[in-house]
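Here is the structure we will look at.
The values are calculated or read from the model by the stated rules, or taken from the named source; none is laboratory data. Please read these numbers as outputs of a predicted model, since none were measured by experiment. Note: ideal-geometry Cβ built from the backbone for every residue, glycine included; neighbour counts use all protein chains shown.
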Amino acid sequence: MSPDGSAAPATAAFTIRPILPSDYPAVGRITLDAYERNRDDLDDEYRQELQDVAARAGVCPVLVAVGGAGTLLGAVTYVPGPDNPMSELEKDGEAGIRMLAVDPAAQGLGVGRALTLACLERARRDGRSGMALYTRPANIPSQRLYESLGFVRDEGRDWQYARGRWLWAFQLRF
């Protein structure tokens, strides 16, 4: 994404751009599908939240990866800071990432990396001191991605959202 927020190529195969209202239904489906493939404990309330793209786009920037034919490949929610309604774990000065999802058919193409890098670029441009996010302990591919970008575990912010069910915190300082 360019500094003015307009679309910029992430690779020759797709671009990253801000979401459009017409993208909401497809992004909701992609997000729910990606999360359901990796989790067996989604309750109805969280399923609804994953699909409610309009609500999160109303309070946070949402970025999408778009293929050459206009196909939506993935999306991510950029949380500008701890005072935002979508904030979960951000400390003062940090931005966050939520609901990073890649269409299963587009996994392995660098879509998740490009969306994460776009969020990191935005956080630096916004003058944030770092980035924080949660991922599940079993989500090894995501952990590898985040670690390859310099994120480290922050066990002090891990969250047990239900008995025996954890989210692991990762953070990156700029």
Subject >> Options 80, 85; residue that is touching a helix residue (DSSP H, G or I) at 6+ places or on another chain (Cβ under 7 Å) and either under 21 Å from residue 56 (Cβ atoms) or of a type in the set (A, V, I, L, M, F, W, C) (or both) >> reply: 85
Original post:
Would region 73-84 turn up any residue that is outside any helix (DSSP H, G or I) and of a type in the set (Ser, Thr, Tyr)?
Top reply: yes
Original post:
Failed condition for residue 122, given (1) at pLDDT 95 or above; (2) surrounded by fewer than 19 Cβ atoms within 10 Å (Cβ to Cβ), with all others met?
Top reply: (2)
**OP:** Sort out which residues of region 136-152 are at pLDDT 95 or above and polar (S, T, N, Q), and write them in order of number.
**Re:** 143, 148
Subject >> Scope region 65-94; condition among the acidic types (Asp, Glu) and touching a Phe, Trp or Tyr at 6+ places or on another chain (Cβ under 8 Å); matching residues >> reply: 88
Original post:
Considering only region 99-125, how many residues are in a loop (DSSP other than H, G, I, E, B) and closer than 18 Å to residue 17 by Cβ?
Top reply: 3
Original post:
Quick check: is even one residue across region 51-72 crowded, with 24+ Cβ neighbours inside 10 Å and free of Cβ contacts under 8 Å to residues at least 24 places away in the same chain?
Top reply: no
Original post:
In this structure, does residue 90 turn out to be farther than 17 Å from residue 16 by Cβ, of a type in the set (D, E, K, R), in contact with a Lys or Arg (Cβ under 7 Å, 6 or more places away or on another chain) and surrounded by 22 or more Cβ atoms within 10 Å (Cβ to Cβ)?
Top reply: no
